């Protein structure tokens, strides 16, 4: 009788173990998404900032991340095949390096603008690159593609933590929601801190270099902790100087 009772409880015990695994792994997956998406959030904020109207910025983030969520869930479903498909990884690395390089060229050109030049005087510091006058549709597509490029790293980490498809997808959904909230916060911070946008794009470049090394020279790929440490150092620098126009007036 006791043996039969224990046998009848086995499904419940297994179900409890599954729920315990979910409760343990889901916060870990969300934390991974949050940590690995910090540089993603600032890149998305800088892209959305190309739209001057705050309402259109929020609309672009909503539509862009909704499309990004579809891409990310598709990436999770096809992770076993996609993460080993080197042309996609090469395209993602090239895209991230292009984003970083374009911003650095813009910063360099602004830094070398002659203030007495009427054409240069019209240049706006922090003018958000070539996306400054872009339309809503192009901003939405750029946001979705940027998140997709970043997702290769976070999805690979999530799949390594758990092979439960539903659990990894739930972590991805929560990660995109967190990304939406932090991106809007970063839009405000980009107006306050002078180096934050450049720090974010440099972090984007680091992720692109890591993807490129993983394809060509996997033996020299820096460990994840070193990449996170370098990104953290960039963010410390990014938050170190406030924009001059937002400095409080000196006391008389």
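The values are calculated or read from the model by the stated rules, or taken from the named source; none is laboratory data. Bear in mind that the values here come from a model prediction, so they are computed numbers and not experimental data. When we count neighbours, we look across all protein chains shown, and the Cβ atoms used for this are built from the backbone with ideal geometry, even at glycine.
Residue-level check: of (1) modelled with pLDDT of 85 or more; (2) assigned to a helix (DSSP H, G or I); (3) more than 15 Å from the chain's Cα centre (by Cα), residue 240 misses just (2). Taking residues in segment 40-54 that are on the phi < 0 side of the Ramachandran plot, and partners anywhere that are surrounded by fewer than 24 Cβ atoms within 10 Å (Cβ to Cβ) and in a loop (DSSP other than H, G, I, E, B), the pairs with Cβ atoms closer than 6 Å and at least 6 places apart or on different chains are 49/128; 50/128; 50/134.
Answer with yes or no whether residue 187 is in contact (Cβ under 8 Å) with a residue 24 or more places away in the chain and under 25 Å from residue 54 (Cβ atoms). Yes. Inside segment 205-238, residues that are in contact (Cβ under 8 Å) with a residue 12 or more places away in the chain, under 17 Å from residue 83 (Cβ atoms) and buried (at least 17 other Cβ atoms within 10 Å of the Cβ) make up a count of 6.
Within segment 81-94, the set of residues being touching a residue at least 24 places away in the same chain (Cβ under 8 Å), farther than 23 Å from residue 137 by Cβ and either crowded, with 19+ Cβ neighbours inside 10 Å or out of contact with any helix residue (DSSP H, G or I) (no Cβ under 8 Å at 6 or more places or on another chain) (or both) comprises 89, 93. The one condition from (1) surrounded by 14 or more Cβ atoms within 10 Å (Cβ to Cβ); (2) out of contact with any helix residue (DSSP H, G or I) (no Cβ under 9 Å at 6 or more places or on another chain) that residue 183 does not meet is (2).
Scanning segment 36-84 for residues that are under 15 Å from residue 145 (Cα atoms) and not in a helix (DSSP H, G or I) turns up just one, 37. Of the set (1) modelled with pLDDT of 85 or more; (2) under 30 Å from residue 52 (Cβ atoms), all apply to residue 211 but (2). Across segment 61-74, the number of residues qualifying as under 11 Å from residue 184 (Cβ atoms) and either surrounded by 17 or more Cβ atoms within 10 Å (Cβ to Cβ) or in contact with a helix residue (DSSP H, G or I) (Cβ under 7 Å, 6 or more places away or on another chain) (or both) comes to 2.
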